[in-house]
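Notes follow once the structure below has been shown.
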Amino acid sequence: MRRSLPPEILDLIVDRLRDEPTALKMCCLVSKLWVLRSRRNLFAHVNFDTHGSPIESWMKAFPNPSNSPAHHTQTLTTRGLQLVTAAGTDVGPWIRAFHSVVHLHVYTFGSAESWGDDYQDSLIPFHGLSPAVRSLHLYSISTPPSRIFGLLCSFPLLETFTSHASGGGNRADEWTAPLASPRLTGSLELCSIGEGIAATIRRLLELPNGLRFTNIAVLCFSMEDFESTMDLVLGCSDTLESLSILGHLEAGSLLIPILDRCLTVILDASAMPSLNLSTIKGLKHLVFHSTRPNMQWITTALQTVQSKDLRQITLRPPGNSFINAIEEVVRRQWLDLDRLLVHLLASRSIRPEVTYIVKAGEKDFRDHAPSLLPELTRRGLVDLIEYDP
């Protein structure tokens, strides 16, 4: 008697091949019963690129948008999408066929001249694209905030928002807060050269349904950006678990770590507004990644922490830290921080870890480093990472 595997088992087998497009294509040839599941995995992620995979290829392969496999797509990425093809065809119907997208990535990099008349309307085809959109990642140049927030508010279930934008003129852009907005309970990432960060944060705080972000990462280019970020932190203090403040306020190398559920602060300026963490109740992991460490600033910030969930504090100062530490005032700041971290370890079981990032072969630093945080060094909580410049 002929036996076959249950459909559920066959589906699991095909799903395990989700990252093997060649194998999935072969599965489509094995049996008609395998086609639907194979296509669902084959087209789960679609990437349109003006050079590598232009949308014209998709339009040629699937001339009828309503019959295309776009409804299988969970993640859609478009780079430099033109609204009208060289042949004069509107791409809108093909884009709107992706009505089941959960994660949307839109890149509009390029100059206004290269986009021509399409530039101001480049986001229109994506408005309300899918009611299932949970994350929106926008990378653009000179896109007015009103266009960005118009797109954001068209997705009622949106949780995560990323905006990497550059260009001026954002202050003069007219913006009227909508009557309703998504709950925004996931992650927020903002990076904007020019006047965009502060303007974007102001508009976020004006959204009628409020903000409940659990993770926030902001790249600050000015003191105004930093101060606006503090307002954002205060607005999300009841839900915030991870905060990354990446500062580029003065010249110097910028280090952007990839961290999970933590607070990251990169200090590029010696004089920073004080950071009050007393309102953040759910903080779990606190990280200071400093290109120019201000130890007194870090100590003051640590003294404001009230979160009972905090279990780890990580410091990642650069290897040239000892150069300034030869000054008595600076050395006292390091010793004060050392004592505070040891106290937190003993009283609240918060584990401190220090990792210096140094150039390979810096013998002077190895000789001086133990004197910066002597007690932590004695307890084996200090490490270093060497790199070749």
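Values quoted throughout were computed directly from the atomic coordinates according to the rules given, and no laboratory measurement underlies them. The structure presented is a predicted model; accordingly, all values stated were derived computationally and were not measured. Ideal geometry is used to build each Cβ from the backbone, glycine not excepted, and the neighbour counts take in all protein chains shown.
Miscellaneous remarks
- MET230, MET295 arranged by Cβ crowding within 10 Å, fewest neighbours leading: MET230, MET295
- In nm, spacing of pseudo-spin labels at LYS308 and HIS51 (7 Å Cα→C-beta vector): 5.5
- Whole-Hz couplings from phi, Karplus 6.51/-1.76/1.60, listed for the stretch 198-203; x for Gly and Pro: 4, 5, 5, 5, 4, 5
- Cβ-Cβ FRET estimate between HIS99 and PHE62, R0 fixed at 22 Å, reported to 0.05: 0.95
- Potential lengthening of the chain between GLU174 and ASP383 amounts to 70.2 nm, from the contour at 0.36 nm per residue minus the alpha-carbon distance.
- Order of TYR139, TYR356, TYR387 under a 10 Å beta carbon neighbour criterion, fewest first: TYR387, TYR139, TYR356
- Summarising the amide proton neighbourhood of GLN312: residues at separation of 5 or more, or on other chains, whose placed amide H is nearer than 5 Å comprise LEU286, ARG351.
- Full extension of the chain segment joining ASP364 with GLU8 gains 121.8 nm, where the gain is 0.36 nm per residue of separation less the Cα-Cα distance.
- CYS220 long-range amide H proximity, modeled H, under 5 Å: LEU246, GLY247, HIS248
- Nonlocal amide H pairs with GLU189, under 5 Å, H built at 1.01 Å: PHE161, THR162, SER163, ALA217
- Once the C-beta distance of HIS127 and MET26 is scaled by a Förster radius of 30 Å, the resulting FRET efficiency is 0.20 to the nearest 0.05.
- Residue order, fewest to most beta carbons within 10 Å, for HIS103, HIS127: HIS127, HIS103
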